Amino acid sequence: MKKPTQQEIFTILENRRKRKELEAIPTPAYLIDEGKLRANGEILKGLSDRTGCKILLAQKAFSNYDFYPLLSAYLDGTEASGLYEARLGAEEMPEKEVHVFCAAYKEDEFEKLLHYADHIVFNSPAQLKRFGALAKKAGKSVGLRLNPECSTQDEHAIYDPCAPSSRLGTTRNEWIRQMDAKTVALLDGVHFHTLCEQDADALADTIDAFEMQFDDLLPKLKWINLGGGHHITRSDYSMDVLESCIRRVQEKWCVEVYLEPGEACALHAGLLATRVLDLVTNGETKIAILDVSAACHMPDVIEMPYKPPVYGADLQEGMDYILAGPTCLAGDVIGSYAFSHELQIGEVLFLGDMAIYTTCKNNTFNGMPLPDIWRVGECAATERLTSFEYADFKCRLGKR
């Protein structure tokens with residue numbers, strides 16, 4: 001995978017006047033760039049127009065609904081992981097499709113889910129048998145998630161749904177063991193999701209495995225969902241391979257094809273602005289303590305793990321610093337970076353790719369304040385969308 005350039009990630013900061021404006025914003029703050037969201041949307045809409053596939057926003061990666069009106073012009077709907085996301089998609093992207101997949105549905109929530117979802121995908125034959133007829137009676141399109149047992153990654157094991165002993169999706173052996181004609185008849189479509197920040201060659205490999213595992217078992221279907229993890233809006237993405245994959249599935253099974261990217265919708269569209277609170281040394285190591293936390297404000301930095309880009313810190317030579325958060329967690333570390341200058345207390349830094357898996361995963365561990373969310377408009381001035389305070393921390397922990 002080609003490493004994105006500073007210009008690709010930090011386009012908006014190349015405008016000196018805009019950078020000065022953003023540096024004046026109280027930190028920490030998430031900055032969401034409408035122009036980049038629109039550019040991503042245009043790429044996704046172009047793919048849909050050329051192939052006839054339908055593209056959904058996977059809300060698990062980006063659920064900032066203030067931007068749904070913009071994205072809805074380019075997308076066919078939303079993908080949810082449960083009741084609340086399904087409701088959010090239905091309320092904030094009305095007139096669009098709402099798809100939902102959950103590893104297991106709760107009986108007391110399923111009736112509510114039927115009010116919001118159009119497509120409901122089950123993880124196991126047991127759940128399909130338990131709730132499928134109810135979904136069909138309510139006029140919903142019913143699917144089953146399959147596991148083609150084809151791992152296409154080795155970098156991020158935590159995000160590998162096809163790893164040994166994975167709980168996600170029905171394997172061929174389990175289909176044979178649990179599916180009967182009555183249960184198969186409930187199906188309108190099938191779903192698989194195997195990718196994580198990958199190119200289309202990994203999808204082609206997955207389709208090969210899917211065909212090998214399930215082609216002789218599948219009934220006549222209406223749709224196949226090829227899942228998410230496709231880095232479609234990356235500058236070097238193999239769009240021709242993806243389009244070939246989509247057409248192959250359409251022609252092979254005569255189905256409608258869905259994709260549900262999350263990251264691709266908001267790739268390079270968010271920054272996290274932070275200030276240097278203190279500078280400390282330990283031996284020869286220089287450490288900058290910031291007002292953002294890896295553990296609280298960008299958990300994937302620790303979970304995946306990964307090292308986010310920092311504006312102006314991609315130089316091969318310079319002053320080396322460890323950037324770290326202010327919490328009591330010893331491992332609250334963002335990474336080591338080289339700067340061309342000595343950092344100063346009060347200096348503003350910008351971390352890249354902070355629209356995805358950040359605002360939807362952040363937390364208030366240690367009583368850390370949640371960063372406000374700002375809209376960086378295409379024409380209009382920058383606008384604060386949220387203002388988080390002490391009450392947002394306290395209300396999660398008790399009744400008062």
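Return the pairs, sorted by first residue and then second, in which the second residue is in a loop (DSSP other than H, G, I, E, B), the first residue lies in the range 160-179 and is touching a residue at least 60 places away in the same chain (Cβ under 8 Å), the beta carbons are less than 6 Å apart, and the residues are 6+ apart or on different chains.
From the range 160-179, the pairs are LEU168/PRO161.
Give ASP215, ASP208, ASP180 a once-over and let me know the one that is more than 18 Å from GLN127 (Cβ to Cβ), at pLDDT 95 or above, more than 29 Å from the chain's Cα centre (by Cα) and among the charged types (D, E, K, R).
Just one listed residue meets the conditions, ASP215.
What is the number of the single condition among (1) more than 15 Å from the chain's Cα centre (by Cα); (2) surrounded by fewer than 22 Cβ atoms within 10 Å (Cβ to Cβ) that TYR65 does not meet?
The one condition TYR65 does not meet is (1).
Looking at the range 139-153, which of its residues are under 23 Å from LEU114 (Cβ atoms) and open to solvent by 10 Å² or more (accessible area, probe 1.4 Å)?
Once the filter is applied, which keeps residues that are under 23 Å from LEU114 (Cβ atoms) and open to solvent by 10 Å² or more (accessible area, probe 1.4 Å), the range 139-153 yields GLY139, LYS140, SER141, ARG145.
Output the residues belonging to the range 1-17 that are in a helix (DSSP H, G or I) and either touching a residue at least 24 places away in the same chain (Cβ under 8 Å) or open to solvent by 100 Å² or more (accessible area, probe 1.4 Å) (or both).
GLN6, GLN7, GLU8, ILE9, THR11, ILE12, LEU13, ARG16, ARG17
For the range 208-222, state whether one or more residues are touching a His at 6+ places or on another chain (Cβ under 7 Å) and assigned to a helix (DSSP H, G or I). It would help to see each step written out before you state the result.
Taking the range 208-222 first, the residues touching a His at 6+ places or on another chain (Cβ under 7 Å) are none.
Checked the range 208-222: no residue is touching a His at 6+ places or on another chain (Cβ under 7 Å) and assigned to a helix (DSSP H, G or I).
When you scan the range 317-326, do you find a residue that is under 22 Å from THR11 (Cα atoms) and of a type outside the set (Val, Ile, Thr), even just one? Give the steps one after another, and end with the answer.
Step one: of the range 317-326, the residues under 22 Å from THR11 (Cα atoms) are none.
No - not one qualifying residue is present in the range 317-326.
Which members of the range 203-235 meet the condition of being touching a Ser or Thr at 6+ places or on another chain (Cβ under 9 Å), surrounded by fewer than 21 Cβ atoms within 10 Å (Cβ to Cβ) and over 26 Å from GLY139 (Cβ atoms)?
Residues satisfying the conditions are ALA204, ASP205, ALA209, GLN213, SER235.
Hey, among the residues in the range 361-377 that are part of a loop (DSSP other than H, G, I, E, B) and closer than 27 Å to LEU397 by Cβ, which one's least open to solvent (accessible area, probe 1.4 Å)?
The initial filter retains those residues of the range 361-377 that are part of a loop (DSSP other than H, G, I, E, B), namely 361-364, 368-371, 377.
With the extra rule that they be closer than 27 Å to LEU397 by Cβ, the set shrinks to 361-364, 368-371.
Working: LYS361: 58, ASN362: 31, ASN363: 39, THR364: 21, MET368: 32, PRO369: 86, LEU370: 29, PRO371: 1 Å².
Only one residue tops the list, namely PRO371.
Could you pull out the residue among GLY132, GLY169 that is under 14 Å from PHE210 (Cβ atoms) and either open to solvent by less than 60 Å² (accessible area, probe 1.4 Å) or of a type outside the set (Phe, Trp, Tyr) (or both)?
Working: GLY132 fails: under 14 Å from PHE210 (Cβ atoms).
That would be GLY169, the only listed residue that is under 14 Å from PHE210 (Cβ atoms) and either open to solvent by less than 60 Å² (accessible area, probe 1.4 Å) or of a type outside the set (Phe, Trp, Tyr) (or both).
Any idea which of GLU92, GLU97, GLU79 is charged (D, E, K, R) and free of Cβ contacts under 8 Å to residues at least 40 places away in the same chain?
Numbers: GLU97 fails: free of Cβ contacts under 8 Å to residues at least 40 places away in the same chain; GLU79 fails: free of Cβ contacts under 8 Å to residues at least 40 places away in the same chain.
When all the criteria are applied, what remains is GLU92.
In this structure, does LEU13 turn out to be under 27 Å from TRP223 (Cβ atoms) and touching a strand residue (DSSP E or B) at 6+ places or on another chain (Cβ under 7 Å)?
Details: under 27 Å from TRP223 (Cβ atoms): no; touching a strand residue (DSSP E or B) at 6+ places or on another chain (Cβ under 7 Å): yes.
Judged against the criteria, LEU13 is not a match.
Please indicate, with yes or no, whether at least one residue in the range 73-96 is in a helix (DSSP H, G or I), buried (at least 19 other Cβ atoms within 10 Å of the Cβ) and of a type in the set (Phe, Trp, Tyr).
No, every residue in the range 73-96 fails to be in a helix (DSSP H, G or I), buried (at least 19 other Cβ atoms within 10 Å of the Cβ) and of a type in the set (Phe, Trp, Tyr).
Return the pair list, or none, for Cβ contacts closer than 9 Å from residues in the range 238-253 that are more than 19 Å from MET212 (Cα to Cα) and free of Cβ contacts under 8 Å to residues at least 40 places away in the same chain to residues that are charged (D, E, K, R) and not in a helix (DSSP H, G or I), at least 6 apart or on different chains.
These pairs meet every condition: SER238/ASP199.
Please work out which residue is surrounded by the fewest Cβ atoms within 10 Å (Cβ to Cβ), limiting yourself to the range 105-126 and to residues that are touching a helix residue (DSSP H, G or I) at 6+ places or on another chain (Cβ under 6 Å) and of a type in the set (A, V, I, L, M, F, W, C).
Only one residue tops the list, namely PHE110.
Might you check whether a residue that is more than 23 Å from the chain's Cα centre (by Cα), among the charged types (D, E, K, R) and over 29 Å from GLY52 (Cα atoms) occurs anywhere in the range 138-159? Can you show your working first?
Filtering the range 138-159 down to residues more than 23 Å from the chain's Cα centre (by Cα) leaves 138-142.
In the following step, the residues that additionally are among the charged types (D, E, K, R) were identified as 140.
Among the residues that remain, those that are also over 29 Å from GLY52 (Cα atoms) are: none.
Looking through the range 138-159, none of the residues is more than 23 Å from the chain's Cα centre (by Cα), among the charged types (D, E, K, R) and over 29 Å from GLY52 (Cα atoms).
Please verify whether ALA104 is without any contact (Cβ under 8 Å) to a residue 40 or more places away in the chain, out of contact with any Lys or Arg (no Cβ under 6 Å at 6 or more places or on another chain), outside any helix (DSSP H, G or I) and of a type outside the set (S, T, N, Q), treating the condition exactly as stated.
Details: without any contact (Cβ under 8 Å) to a residue 40 or more places away in the chain: yes; out of contact with any Lys or Arg (no Cβ under 6 Å at 6 or more places or on another chain): yes; outside any helix (DSSP H, G or I): yes; of a type outside the set (S, T, N, Q): yes.
Here the answer is yes, as ALA104 does meet what is asked.
The values are calculated or read from the model by the stated rules, or taken from the named source; none is laboratory data. As the structure is a prediction and not an experimental result, all values here were calculated from the model. Backbone-built Cβ (ideal geometry, glycine too); neighbour counts: all protein chains shown. What goes into the accessible areas is simple: the full protein's heavy atoms, side chains included, and nothing from ligands, DNA or RNA. Shrake-Rupley method; radii C 1.70, N 1.55, O 1.52, S 1.80 Å.
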